[in-house]
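Okay, so here's the structure we're looking at.
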Amino acid sequence: MNVIPPPSIDLQGFSLRPMEMLDIPDWYDYLRLPEVAQHLRRELQSAADLAPLVQAYRSDEPGAPLRLAIVDDDLGCLAGSIGFDAVWPADRSAEMDFDLAPAYWGRGLGLAACKAVTAWAFAGCRLYRVQAASRDGNRRAEQLLRGCGFQYEGLLRAYRQVRGEPGDFKMFSRLVTDPDAQG
């Protein structure tokens, strides 16, 4: 899945663009912080672990994952990332994932990015369903998803491996037919 042009974010001083290899050092720097790493599925050994992911995000193949950089335009650095780790074109659905550097927590940036990407998924990509799985106990992610209009669907027990151990995840979804789904 390729994004041309990327959606606009409704927060002054920030923009969305496709992830680039140049984003890897900033991305790795905050992903390895304990308050972020505790919610990640994989344990990163080095910044080089992210290179194959960025390459996959740059693919034009149907069904390829997509990740956008959330850029702090004033500082010219990566503030976070958001996108679809799984895309099912035949089902017109995708699974959203996001992360944000702790320096940007609590400023509405994650919510603005989620709203922009969700609206773009429905209008620009013609998706019908966007879902997101939040690790059980990740209250910030749950609050963000609810604020973006996602509905809680249930607890998925031992849904995904988290650094080699089964982890429970809460599933949320948003449909194009949900109220305010276009904005």
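The values are calculated or read from the model by the stated rules, or taken from the named source; none is laboratory data. Note that the structure is predicted; figures quoted are calculated from it, not measured. Glycine also receives a Cβ, built like all others from the backbone with ideal geometry; neighbour counts cover every protein chain displayed. Areas reflect the complete protein model, heavy atoms only, side chains present, ligands, DNA and RNA absent. Shrake-Rupley method; radii C 1.70, N 1.55, O 1.52, S 1.80 Å.
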* Asked: For a paramagnetic label modelled at 7 Å from the Cα of residue 138 toward its Cβ, which residues of region 18-43 fall within the zone defined by backbone nitrogen distances under 17 Å?
  -> 27-43
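For the chain, what does the helix formula give at 222 nm: sum of -39500 (n - 2.57) over DSSP H segments with n ≥ 4, over the residue count, nearest 500 deg cm²/dmol?
Helix contribution divided over all residues of the chain: -6500 deg cm²/dmol.
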* Asked: Got a sec to turn the phi values of region 46-58 into Karplus ³J(HN,Hα) couplings, 6.51 cos²θ - 1.76 cosθ + 1.60 with θ = phi - 60°, whole Hz, x for Gly and Pro?
  -> 7, 4, 4, 4, 8, 4, x, 5, 4, 4, 5, 5, 8
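How much of the accessible area of the chain, in percent, comes from carbon and sulfur atoms when a 1.4 Å probe is used? The partial results should precede the final answer.
Details: 4590 of 9420 Å².
Here carbon and sulfur together make up 49 percent of the probe-accessible area.
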* Interchain or long-range residues, amide H under 5 Å from residue 15's placed H -> 71, 73
* For region 21-33, Karplus couplings with θ = phi - 60° (6.51, -1.76, 1.60), whole Hz, Gly/Pro x -> 4, 5, 7, 4, x, 5, 4, 4, 4, 8, 5, 7, 5
* Asked: Once phi is turned into ³J(HN,Hα) by the Karplus curve 6.51 cos²θ - 1.76 cosθ + 1.60 with θ = phi - 60°, what whole-Hz value does each residue of region 147-163 show in order, with x for glycine and proline?
  -> x, 8, x, 6, 9, 6, 10, x, 8, 9, 6, 6, 5, 9, 6, 10, 6
* Pull out a ≥ b ≥ c, the square roots of the eigenvalues of the alpha-carbon gyration tensor of region 1-62, then state rounded if a/c is under 1.5, prolate if not and a/b is larger than b/c, and oblate in the remaining case. => oblate
* Structure fact -> Of 93, 134, 59, the most mobile residue in a GNM of the chain (C-alpha springs, cutoff 10 Å) is 59
* Among 106, 15, 33, flag the residue with its Cα farthest along the positive direction of the charge dipole of the chain, charges on Cβ as +1 for Lys/Arg and -1 for Asp/Glu. => 106
* Pick the calculated Rg/Rh (Cα atoms, Kirkwood Rh) for this structure from (i) 1.25; (ii) 1.03; (iii) 0.93? -> (iii)
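Leaving out ligands and nucleic acids, note down the accessible area per residue over the chain with a 1.4 angstrom probe, in whole Å².
Numbers: 9420 Å² over 183 residues.
Accessible area per residue, the chain: 51 Å².
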* Structure fact -> Taking Lys and Arg as +1 and Asp and Glu as -1, residues besides residue 13 with C-beta under 12 Å from its C-beta add up to -3
* Structure fact -> Residue separation between residue 158 and residue 180 times 0.36 nm, minus their alpha-carbon distance, gives in nm 4.7 nm
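When the dipole is taken about the Cα centre of region 72-161, and only Lys, Arg (+1) and Asp, Glu (-1) are charged at their Cβ, what size is it in debye, to the nearest 20? Spell out each step's value before the answer.
Numbers: 11 positive and 11 negative charges, 70 e Å.
It works out to roughly 340 debye.
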